[in-house]
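Data block below; observations after.
The values are calculated or read from the model by the stated rules, or taken from the named source; none is laboratory data. What you are looking at is a predicted structure, and each value in this text was computed from that prediction instead of being measured. All Cβ positions, glycine included, derive from the backbone under ideal geometry; neighbour counts span all protein chains shown. Accessible surface areas use protein heavy atoms only, side chains included; no ligands, DNA or RNA. Shrake-Rupley method; radii C 1.70, N 1.55, O 1.52, S 1.80 Å.
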Amino acid sequence: DGITLQNVIGMALMNNPDLAVSSADARIAAYRIQAARGAFDVRFNVTPSVTQSTTAPSNPFFAGPDYTPIHQNQQQVAAGLSGQLPAGTQYSLSVGNARVSSNSIFNGFDPYYAPTLSFDVTQPLLKNVGQNAAKNAVELAIIGNDASRAQTLANVSQTIAKVQDAYWDLVSAWRNVAIQEEALHESV
């Protein structure tokens, strides 16, 4: 017979650009939560390096063969991981090894190797315990997500209310026209 209220509401919700923007904002807010939680991800790193140096001889004991400059070559690789826990604890673990060769006349170990191992933990004890910038960023992102969802729901509610008002105004106008047509036919 005519269009139903549910069909009108469905069409209004599907074709409302403000609702599309609100929906996109809600998705973006959810992505911001994931991005803020990334501060607690474990970070891996590998750092290779090569250093070549030449030092002029300063005396007969710190010189190369035949009082020539000292040439030193250092090849190093370090690997590690680091991260932060929600309570503010920061940690890092790294291992490395360096191979150093030199033409110094007093170098009994050529090349020599210098391995390293490092483990660090930093925990705030009194000041700002349990609070840190990364945790605050996650909490703010969650609040922003909640606000975006609430705004989307408010926009949906407003759209539905406006569509219902317009629909019933239209139904009332149709009925008014029908009543006036009927009165016109009876008067003739």
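Taking into account only those residues within region 52-75 that are open to solvent by 70 Å² or more (accessible area, probe 1.4 Å) and either hydrophobic (A, V, I, L, M, F, W, C) or modelled with pLDDT of 90 or more (or both), which is nearest to the chain's Cα centre (by Cα)?
Among those residues, the one meeting the criterion is Gln75.
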| said: Condition first: out of contact with any strand residue (DSSP E or B) (no Cβ under 6 Å at 6 or more places or on another chain), loosely packed, with under 14 Cβ neighbours inside 10 Å and among the charged types (D, E, K, R). Can you find one or more residues in region 100-113 that meet it? | reply: no
| task | Determine if region 119-128 includes at least one residue that is out of contact with any Ser or Thr (no Cβ under 8 Å at 6 or more places or on another chain), free of Cβ contacts under 8 Å to residues at least 40 places away in the same chain, open to solvent by 70 Å² or more (accessible area, probe 1.4 Å) and assigned to a strand (DSSP E or B). | result | no
| Flag for Leu153 being assigned to a helix (DSSP H, G or I), under 30 Å from Tyr91 (Cβ atoms) and open to solvent by 80 Å² or more (accessible area, probe 1.4 Å) | no
| message | For region 112-126, give me each residue that is at pLDDT 90 or above, of a type in the set (Ser, Thr, Tyr) and under 16 Å from Tyr91 (Cβ atoms). | response | Ser118
| message | For region 132-143, check the following and say yes or no: at least one residue is free of Cβ contacts under 8 Å to residues at least 60 places away in the same chain, of a type in the set (Asp, Glu), assigned to a helix (DSSP H, G or I) and surrounded by 11 or more Cβ atoms within 10 Å (Cβ to Cβ). | response | yes
| Number of the exception - Val177 against (1) in a strand (DSSP E or B); (2) closer than 30 Å to Ala12 by Cα; (3) not small (Gly, Ala, Ser) | (1)
| query | Restricting the search to region 15-33, which residues are open to solvent by 50 Å² or more (accessible area, probe 1.4 Å), modelled with pLDDT under 90 and either small (Gly, Ala, Ser) or in contact with a helix residue (DSSP H, G or I) (Cβ under 9 Å, 6 or more places away or on another chain) (or both)? | reply | Asp18, Ala20, Val21, Asp25, Arg27
| Given the structure, is Ala147 in a helix (DSSP H, G or I), surrounded by 12 or more Cβ atoms within 10 Å (Cβ to Cβ) and of a type in the set (A, V, I, L, M)? | yes
| note | Checked Asn145, Asn107 against criteria (out of contact with any Phe, Trp or Tyr (no Cβ under 8 Å at 6 or more places or on another chain) and modelled with pLDDT under 85); the one match is Asn107
